[in-house]
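Report on the following structure.
Just so you know, all these numbers are worked out from the coordinates, no wet-lab data involved. The structure displayed is predicted, hence computed values, not measured ones. Cβ placement follows ideal geometry from the backbone for every residue including glycine, while neighbour counts extend to all protein chains displayed.
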Amino acid sequence: MLDMDGTLLDRHFDNFFFEEELPRRYAARQGLPFEEALAKLLALYRSVETDLAWTDLHYWSRLLDMDLVALTKELDHMICFLPDAEDFLAHLREQGKRVHIVTNAHASGIAIKAAKTGVDRHVERIVNAFEVGYLKMRPEYWPICRRLIGFDPARSLYIDDDESCLAAAQAFGIGHLIHRSKSSSQLPPQPSSRYRSIETFHVLMPR
């Protein structure tokens, strides 16, 4: 099981979208300085960061009176794989592994990213948190996810760049956990102190 944003796809897009472009447009719409708009949005993000609203593009569209799905499409030229992700997905396919993407992303965003990258063609299924009813860092997520796709926790590998999601998976009993430290092409690696941390997928593939 692989996370999508920050594990397979470059998180630079999401960071730019939510921390730069959306605050800039919100500032212009509200007549605010950029810094004030950013601070307001960051506080709003934090207020729902363990709830489905956190990644619900339609929730934010209603709240901010801005079309975030249209904005995502406008900026889709920035959506791309991390440099080693396609190689790793091809390696898993060659090994005959069952591969699923498990993501907190909203279906509207997934559809745009899949259309741009073809990431969906590399896996059996993309499970989004809205199908499950909880985000991945919630303990309720994993029993329902298991029912949806079927896996033996002790024999499963799960890779994510978010430690809180890995912690919830660990509590559920998923046996093999790896933290992706290089989630954005534009930022330095941020290794985990709690989990095996990799900068590149190539360390998991034979030379």
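Candidates 69, 27, 159 compared by Cα position along the dipole of the chain: farthest toward the positive end lies 159, with charges placed on Cβ. Summing +1 for each Lys or Arg and -1 for each Asp or Glu, what net charge is found among the other residues whose Cβ lies under 14 Å from the Cβ of residue 90? Here the count lands on -1. Computed over segment 13-77, the alpha-carbon pair-distance distribution with 10 angstrom bins reads 21, 59, 20, each value a whole percent.
Note: relative contact order over the chain, using C-alpha pairs below 8 Å and six or more positions apart, is 24 percent.
Which lysines have a Cα less than 20 Å from the Cα of residue 182, not counting those fewer than 8 places away in the same chain? The qualifying lysines are 113, 136. Angle of helix 34-47 to the longest C-alpha principal axis of the chain, folded into 0 to 90 degrees and rounded to 10: 50°. For segment 191-198, putting each phi into the Karplus relation 6.51 cos²θ - 1.76 cosθ + 1.60 with θ = phi - 60° gives couplings of x, 8, 8, 9, 10, 3, 10, 10 Hz, in residue order, rounded to whole numbers and with x for Gly and Pro.
Over segment 13-77, Cα pairs under 8 Å with separation of 6+ residues give a relative contact order of 20 percent.
In degrees, nearest 10, range 0 to 90: what is the angle between the Cα axis of helix 163-172 and the longest Cα principal axis of the chain? With rounding to tens, the tilt is 40 degrees. Applying 0.36 nm per residue to the separation of residue 91 and residue 171 and subtracting their alpha-carbon distance, the gain on full extension is 26.0 nm.
Axis of helix 107-117 versus longest Cα principal axis of the chain: the two differ by about 70°, to the nearest ten degrees. Only alpha carbons enter this Debye calculation for segment 41-90, each as an equal point scatterer, and the log10 of I(q)/I(0) it gives at q = 0.28, 0.30 Å⁻¹ is -0.99, -1.05. A simple count of charges around residue 54, restricted to other residues whose Cβ falls under 13 Å of its Cβ and scoring Lys, Arg +1 and Asp, Glu -1, yields -3. Each principal axis of the Cα cloud of segment 80-204 was taken in turn, and the coordinate range along them, longest first, works out to 35, 32, 29 Å. Distances between placed amide hydrogens fall under 5 Å for residue 9 paired with 82, all partners being 5 or more residues away or on another chain.
Dividing the radius of gyration of the alpha carbons in segment 122-161 by their Kirkwood radius gives 0.93 for Rg/Rh.
Over all other residues within a Cβ to Cβ distance under 9 Å of residue 3, the charged ones net out to -2, with Lys and Arg as +1 and Asp and Glu as -1. Under the classification rounded if a/c is under 1.5, otherwise prolate if a/b is larger than b/c and oblate if not, where does segment 64-113 fall, given a ≥ b ≥ c as square roots of the Cα gyration tensor eigenvalues? Here segment 64-113 falls in the prolate category.
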